[in-house]
Amino acid sequence: MGSELADILDAAAQGRFPAPDGGITVVPQPSSRDAGVVAFTAHSVIFTDEDPLWVRRTLAALDCDALAAAMNPAFLSALLDRTRRSMDTIDLLTVASPLAGEPQLKLEETAGADHPRQVRARKRRDDLRVWAADGGLVILGRGVAGRWETAIEVDEGHRHRGLGRALATAARHLVPDGQPVWAQQAAGNARSVRAFQAAGFRPVGAEALLLDP
């Protein structure tokens, strides 16, 4: 993927994480679009083009557990103000290896962009592809640092039938070039967390993604 953040993410996808030393790593943004924080176990990575000295001074001034500083609301608010960006929530960051062969779920690729999740995805990902199933969607695109990311949507009338797990599993078959596939779930969305973990996605950390103005 070709950036310092990409190298960190590639290693994490293979189970190699930053040292759990309580440290902070500040790296440049991999693109003008993508900025934010990834918190691994006892080590956080902040990807921003802001002055690293400002980042470290702001973190040091917080009255909180140093291990939680990069995800502390006070720091995130300061970073949002300085960058004039916005954010939705702190997500659970998960990853899965690709699976060979075709998905077992019947899917049809579509070029439409009328679904709200598709519209949102086009603002955050490149090379977007969308597949429709009976009662749901699978979305794949290149997100942070060029990684392949997936999102799924299950229609209300098709919930509680295992479709979310099947859609997330399908993404592992659809990801190109034998690459790992990443997914974010809001920590409070227990239904989504369960579906992705049942499909073989492994938690690797937490992510706060700062959105363009």
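Worth a mention:
- Across segment 81-213, C-alpha contacts under 8 Å between residues 6 or more apart give a mean separation that, scaled by the residue count, equals a relative contact order of 39 percent.
- Bridges between two residues of segment 14-104, per DSSP, are antiparallel at a rate of about 50%.
- If you take the Cα centroid of segment 35-114 and the Cα centroid of segment 167-198, the two points sit 17 Å apart.
- The string of couplings for segment 127-144 from the Karplus curve (6.51, -1.76, 1.60, θ = phi - 60°) is 6, 6, 10, 9, 10, 9, 10, 5, x, x, 9, 10, 10, 10, x, 8, x, 4 Hz, one whole number per residue in order, with x for Gly and Pro.
- Accessible area in the full protein assembly, largest first, 1.4 Å probe, for 153, 102: 102, 153
- Tilt relative to the chain, helix 4-13 - C-alpha long axis, 0 to 90 degrees, to 10: 50
- Accessible-area value, residue 129, 1.4 Å probe, nucleic acids and ligands omitted, Å²: 90
- Simple label model, 7 Å out from Cα along Cβ direction - residue 68 to residue 42, nm: 1.8
- Cβ-Cβ FRET estimate between residue 134 and residue 97, R0 fixed at 35 Å, reported to 0.05: 0.85
- Farthest towards the positive end of the charge dipole of the chain, among the residues 90, 143, 110, is the Cα of 110, using unit charges on the Cβ of Lys, Arg, Asp and Glu.
- For the chain, size of Cβ-based charge dipole, Lys and Arg +1, Asp and Glu -1, in debye: 380
- Correct option for volume of the Cα convex hull per residue in Å³ [calculated from the coordinates] among (i) 164; (ii) 119; (iii) 139: (ii)
- Cα-based helix-to-principal-axis angle, 73-83 vs the chain, degrees rounded to 10: 90
The values are calculated or read from the model by the stated rules, or taken from the named source; none is laboratory data. A quick note: this is a predicted structure, and the numbers were derived from the prediction, not measured. Methodologically, a virtual Cβ is constructed for each residue, glycine included, from the backbone with ideal geometry; neighbour enumeration extends over all protein chains shown. Ligands, DNA and RNA are stripped out before the accessible areas are found, and what is left, the full protein with its side chains, is counted by its heavy atoms. Shrake-Rupley method; radii C 1.70, N 1.55, O 1.52, S 1.80 Å.
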